[in-house]
Each structure stands twice: as structure tokens, then as C-alpha cells.
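Chemist: I have a structure here, written as C-alpha cells, and I will follow up with some questions on it.
The numbers here are math on the coordinates, done by the rules we state, and not lab data. Just so it is clear, the structure is predicted and the values come from calculations on it, not from any experiment. Please note: Cβ atoms are built from the backbone with ideal geometry, for glycine as well, and neighbour counts cover all protein chains shown.
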Amino acid sequence: MANPVILVIEDDTPVRNLIVTTLKTHEYRFLTAKNGAEAVMMATSHNPEVVFLDLGLPDMDGIDVIRQIRSWSNMPIIVISARSDDADKIEALDAGADDYLTKPFSVDELLARLRVTIRRLSLMTGDGGSDHSVYTNGKPTIDHSAGVAYLDGEELKLTSMEYKLLCLLARNTGKVLTHTYITQNIWGRSWDNDVASLRVFMTTLRKKIEPGPVSPKYIQTHVGIGYRMLKVD
Ligand code: CA
């Protein structure tokens, strides 16, 4: 992706300056907005590649900014929120945000999230060719038309639940999926015991695709929030 434009939505001047300075230093192009109304206008008129969105804005709830942008665009949105607000992050992810950054965050964290998102973006815009029936990410491969997954060329013996779960994560590579989103996609509902079952299926799926149980390479856990499939080289 050649020099993407990043829209920074943040009313807090020191935080906004920190983000903007970081982007400038790393030669990203950027735009800024100080409130929700300005943010929606900027997103509409400039069609940025990535959005950083503070959830606590003076004129509008950040969640509503996500909903408005999502009504016409899939542009990646990285939410910025305070440490204590897991519920806010979950609501933002369910409204269509792609990732989140917790205040206070480091410049390295900000850049790492941005890199993950830009990778996801180039995946979405498909410079990997037009064949979407086969998904490859490191060693796991999914042949959607055959309904079979492989690891390093060997067929994986997955239960139908594990296969569904793997496909859902793969389809959303780079994006944090909440427990609610996953259970609703797999079971069509989200009860407490579905989240418990999800943990069990996730454990068995990981045993089959992860190289080691200690530090997962493909499926990242976001404690209290959900899971994300990472793009691996
Ligand atoms: Ca704020």
C-alpha cells in the first residue's frame, strides 16, 4: 500500500499531537478531526485508508461515528479508549471497529497496530490475486470450495465447528472479533455457555494449527474481548 492517508479523530490535543507527530516521523500522510461531526465529514470527503478514533468525543459518541462510517464504508477503524472500558471496546468492535488501542499507549504500539491494519487492508484489496477460494496464512491453508483445511500440506482433521471457526477467523484476518460476534456467526446466538463452548473449540483448534501451546502464532487472545487471526509471513 503506497503511502496511505490516516484520519486521526481525537479531541484531546496532547494525544492528537502525539499521534500526528508519530505519523509524520514515519512519513504517513494524515488528516485530523477534533469532534464527531468533523470526523464524519472528513471520512466522507477524503476517504482515508485508516481511521484512528477516540471514543470519547465532545459532540458525539464514538460508536455513532463508527456506525455512520460503516453505513457506506469498510475503511479500517482503530478505536482509542481508556484502559478501564472493556465494554466500550466490545461495543465498538461489534459496531464494526477493526482494532483498539488502550490509553495510555506507546508510540510503538500505535505503529504496530497501524502496520497490522495496513497489512489487512492490502489483503482486503487483494493484491494476492483474484482467487479467493484458497486461503493461505503461513502453514494453514483453507480450500473453501473443497471445504478442507491443511497444515503444511497435510489435511487437518477438524470438526465442523473447528472448521467454521477457522474460516470465520481467516475471513477476518487482522481484525479483532468479539466473543459475541463469533458465537453469533457460528451458533446464531450468544449465550454465556456459547462463550464457554467457544473457549473449548478454540483450544482444540489451536492444538491442531498452532506450532506450540505457549505462544500462539496464528490466533491471538484478547482477554475479556475476543480473538484475532494474525497475518503470518
Ligand atoms: Ca476524548
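Chemist: Below 17 Å, Cα to Cα, which aspartates and glutamates can residue 89 reach? Residues fewer than 8 away in the same chain don't count.
Modeler: Straight-line reach from residue 89, under 17 Å: 10, 54, 61, 64, 98, 99, 109.
Chemist: Based solely on its DSSP helices, what 222 nm [θ] is calculated for the chain when runs of n ≥ 4 H residues each add -39,500 (n - 2.57) and the sum is averaged over all residues, nearest 500 deg cm²/dmol?
Modeler: About -13500 deg cm²/dmol.
Chemist: OK, next. In what sequence do 206, 171, 189 fall when counting other Cβ within 10 Å, fewest first?
Modeler: 189, 171, 206
Chemist: Then there is this: Considering the zone a paramagnetic label at residue 47 would reach in this model (a point 7 Å from Cα along the Cα-to-Cβ line), which residues of region 100-120 have amide N under 20 Å from it?
Modeler: 118-120
Chemist: Please arrange 89, 231, 175, 207 by counting, for each residue, the other beta carbons lying within 10 Å of its beta carbon, fewest first.
Modeler: Placing the least packed residue first, the sequence is 207, 231, 175, 89.
Chemist: Pairs 175/231; 24/175; 34/103; 139/231; 157/208; 175/217: which exceed 19 Å Cα-Cα?
Modeler: Those over the limit are 24/175.
Chemist: Also: Determine the gain in length on full extension of the stretch residue 146-residue 221; use 0.36 nm per residue of separation and subtract their C-alpha separation, reporting nm with one decimal.
Modeler: 24.1 nm
Chemist: Related question: Once you have all Cα-Cα distances for region 1-112, histogram them in 10 Å bins from zero and send the whole-percent values.
Modeler: It works out to 15, 53, 31, 2, in whole percents.
Chemist: Among DSSP beta bridges whose residues both lie in the chain, state the antiparallel percentage, nearest 5.
Modeler: Just about 50 percent of them are antiparallel.
Chemist: Output the relative contact order of the chain, whole-number percent, from Cα pairs under 8 angstrom with separation of 6+ residues.
Modeler: Normalised by residue count, the contact order of the chain is 14 percent.
Chemist: With a Förster radius of 30 Å, plug the Cβ-Cβ distance of residue 233 and residue 25 into 1/(1 + (r/R0)^6) and report the FRET value to the nearest 0.05.
Modeler: The formula returns an efficiency of 0.75 here.
Chemist: Which value, in Å³ per residue, describes the convex hull spanned by the Cα atoms of the chain?
Modeler: Taking the convex hull of the Cα positions in the chain, it is 136 Å³ per residue.
Chemist: What is the order of 187, 72, fewest Cβ neighbours within 10 Å to most?
Modeler: By the 10 Å Cβ count, ascending: 72, 187.
Chemist: Residue 115 versus residue 187, label points 7 Å from Cα toward the beta carbon: distance in nm?
Modeler: My value for the distance between the label points is 3.7 nm.
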